[in-house]
1. Which residue, of B:Ala136, B:Ala112, B:Ala150, is modelled with pLDDT of 95 or more and either crowded, with 17+ Cβ neighbours inside 10 Å or within 15 Å of the chain's Cα centre (by Cα) (or both)?
2. Taking A:Ala245 as the residue in question, decide whether it is within 18 Å of B:Ala57 (Cβ to Cβ) and among the aliphatic types (A, V, I, L, M).
3. Residues in the stretch B:16-39 that are open to solvent by 20 Å² or more (accessible area, probe 1.4 Å) and assigned to a helix (DSSP H, G or I): how many?
4. Checking B:Gly93 against (1) open to solvent by less than 40 Å² (accessible area, probe 1.4 Å); (2) within 24 Å of B:Arg180 (Cβ to Cβ); (3) away from chain A (no Cβ under 14 Å): exactly one of these is not met. Which one?
5. Do the conditions hold for B:Val96, that is, is it at pLDDT 95 or above, among the β-branched types (Val, Ile, Thr) and touching a Leu at 6+ places or on another chain (Cβ under 7 Å)?
6. Checking B:Glu113 against (1) within 14 Å of another protein chain (Cβ to nearest Cβ); (2) within 24 Å of B:Val11 (Cα to Cα); (3) touching an Asp or Glu at 6+ places or on another chain (Cβ under 8 Å), only one condition comes out false. Which one?
7. Considering each of A:Ala72, A:Ala62, A:Ala76, A:Ala83 in turn, give the residue that is within 14 Å of another protein chain (Cβ to nearest Cβ) and in contact (Cβ under 8 Å) with a residue 40 or more places away in the chain.
8. Taking the stretch A:90-113 only, how many residues are assigned to a loop (DSSP other than H, G, I, E, B) and either within 14 Å of another protein chain (Cβ to nearest Cβ) or out of contact with any Lys or Arg (no Cβ under 8 Å at 6 or more places or on another chain) (or both)?
Amino acid sequence: MHEVKDKERGLVNRGLARMLKGGVIMDVTTPEQARIAEESGAVAVMALERIPADIRQLGGVARMSDPGVIRAIQQAVSIPVMAKVRIGHFVEARVLEALHVDYIDESEVLTPADEEHHIDKRQFRVPFVCGCRDLGEAARRIAEGASMIRTKGEAGTGNVVEAVRHMRVLMRQIRELCSLRADEAAAFARQIGAPLDVLLEIRELGALPVVNFAAGGIATPADAALMMQLGADGVFVGSGIFKSADPARRARAVVEAVAHCDDPAWVARVSEDLGEAMPGLEVRTLQEAQRLAGRGW
Amino acid sequence: MVGILALQGDVAEHAACMSRLGGAVREVRTPRDCDGIDGLILPGGESTAMRRLIASAGLREPVRGLLAQGMPVWGTCAGVVLLAEDGVWPCPGLKVERNAYGPQPFSSVVRAETGLHEVETELVFIRAPRILEAPAGARVLCRAGGDITALRWEAVLLTTFHPELVEQSPFPGHFLDMVRSRAGIRSSSCRGPSAACRPGS
C-alpha cells in the first residue's frame, strides 16, 4: 500500500463535491448556527464572520473571516466546513489551508484582492469552489484548478433572478457546445474566452467535469427546487436561512425540497407555515458597484 | 433491479457504474420505490443529511424489512455509517467512526490488493469512516494502513472508499453478482405466474 501523489488529488477533491450532490450548503456565522444547519440536514457549512446580506449592508472591504470563528465552527460540527477568500488572495487561501478547512470558496462576495488574476488553485492540496455566470467563466476557473463550480447569482438579495439567469446561460452554452462539430469548438472557445482543452473535455462528457451548485439569492424551498430542476447539482443558501423568521424550520424545508425537487406535492408540504422569508432586494435597483456577481472575470 | 438510495450523494456515479456492468437501476426516494428491488446501494454523501432524509421519507421500516429478508445491500463511505451498530439499519457488531481520518486535506487515494481480485485496486478515500469492529463472521476483503476498508458479512458489502469513482474496481461487479444470485433465488422460488412472488413488478 502506498499513497498516490498529485495526479489523484483531483479525483479526491472533485470527488468530495460529488458527495455533496443533492444537498444544501448553508452560510453560518456561529457554532450554534452551524449545529442548527447540521441537524437540519446541511451537507456542509460555509463559515463566515458575516453573511452576504450583512456584508451588503455594512459596505467597506469584506475579507476572509477571523480564523477563530472558523475554528469554533469546525469544532462544532462533523460535516465539511468551507470558508471564503477574496478573489486572487492566495495568502488568505494558504491560511485557510493551514486551518484544514474542507473547501475554499474564492468568492465575489468578498472584496476582490486582485482584479486581474484569480488564485492558481492547482498549487493547493485543499479544493476550491468558484463562482461563474457563464460557461467561459466556469471553464477558466476549472483550468485554474477549481474542483467545484457554483453559479454566482446575486448574493445577499433573497432574489433568485440572477441565479436563474446564470444557470440558464451556463446550461444553454453547454448544450450549444455539444451541438457543435469538433472543428467548430476552437472558434466557440475564442468567442466565450474559454480554454479550448477544457471545452473539449466538456464536449466529450456532455457536462462540466466538476459538480455545479447554484448560489446567490435562494430564499425558499421552491427557489431551491427550481435551481435543481434547471440543472444544479445542489444549492448554497447564504442569507436565506439565518435572515428568515424560523431558521431551523426553513433549513429543514430547503433540504427536503432539494432531495425531492421533482415532487411538487412534497415541496408544497414542506413549504407550509415557514414564517417570513428574508426580506428581498430588487436586483434592478442595485447600482453597478453594489452588484457582486460582476466581480471576477 | 438494483435500487440506489437517492436522497443525497453520488447517486449518478453509482448508477453509471451499474449500467456499465449491465445492471438495471432504480433511484429510491420513497417507500414505493422499494417494491421489486433485489438489492440496495447506499451511496457516498453526508450520513447526517441522509439520516434525516431517510426518516422524513419513511424509508427506514420498508428497507429494514427487505434487509431482514436477506436483500443484498452495499454501503459506500457514508453508507457504511448508515449500517453501523448505531446507524439507521444496524448490522450487529459493526462499529464505525465517522470521518475518522480528518478533514479533506487528509483524504487520499491509495492502491491495495483486495480479496476479490489479484490486481491492486485504487481506493479513493474521501473524509472516510473507519471500521473499528467488524460483525462476527465477517470476511475482510481489503485492508489499508492496518484498517479494514472493505468487508462482506452475509448479504452486506461494505467499502469505506469509493469504487464507483474509479474505472476498474472489482466491487461493483461483486455486488451485482450478489444481487443477481438473490434475484435468481427469488424468481426460481416462484411457482407459476403468481403475482405474490414479485411484489410491485
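The values are calculated or read from the model by the stated rules, or taken from the named source; none is laboratory data. All values reported here derive from a predicted model rather than from experimental measurement. No Cβ is skipped: glycine too gets one built from the backbone with ideal geometry, and neighbour counts run over all protein chains shown. Each accessible area value is taken on the protein alone, full model and side chains, heavy atoms only, with ligands, DNA and RNA left out. Shrake-Rupley method; radii C 1.70, N 1.55, O 1.52, S 1.80 Å.
1. Details: B:Ala136 fails: either crowded, with 17+ Cβ neighbours inside 10 Å or within 15 Å of the chain's Cα centre (by Cα) (or both); B:Ala112 fails: modelled with pLDDT of 95 or more.
Only one candidate qualifies: B:Ala150.
2. no
3. Total satisfying the criteria: 6.
4. Checking B:Gly93 against (1) open to solvent by less than 40 Å² (accessible area, probe 1.4 Å); (2) within 24 Å of B:Arg180 (Cβ to Cβ); (3) away from chain A (no Cβ under 14 Å), the one that fails is (2).
5. Taking the combined requirement at face value, the residue satisfies it.
6. It is condition (2) that B:Glu113 fails.
7. Being within 14 Å of another protein chain (Cβ to nearest Cβ) and in contact (Cβ under 8 Å) with a residue 40 or more places away in the chain holds for just one of A:Ala72, A:Ala62, A:Ala76, A:Ala83, which is A:Ala76.
8. 4
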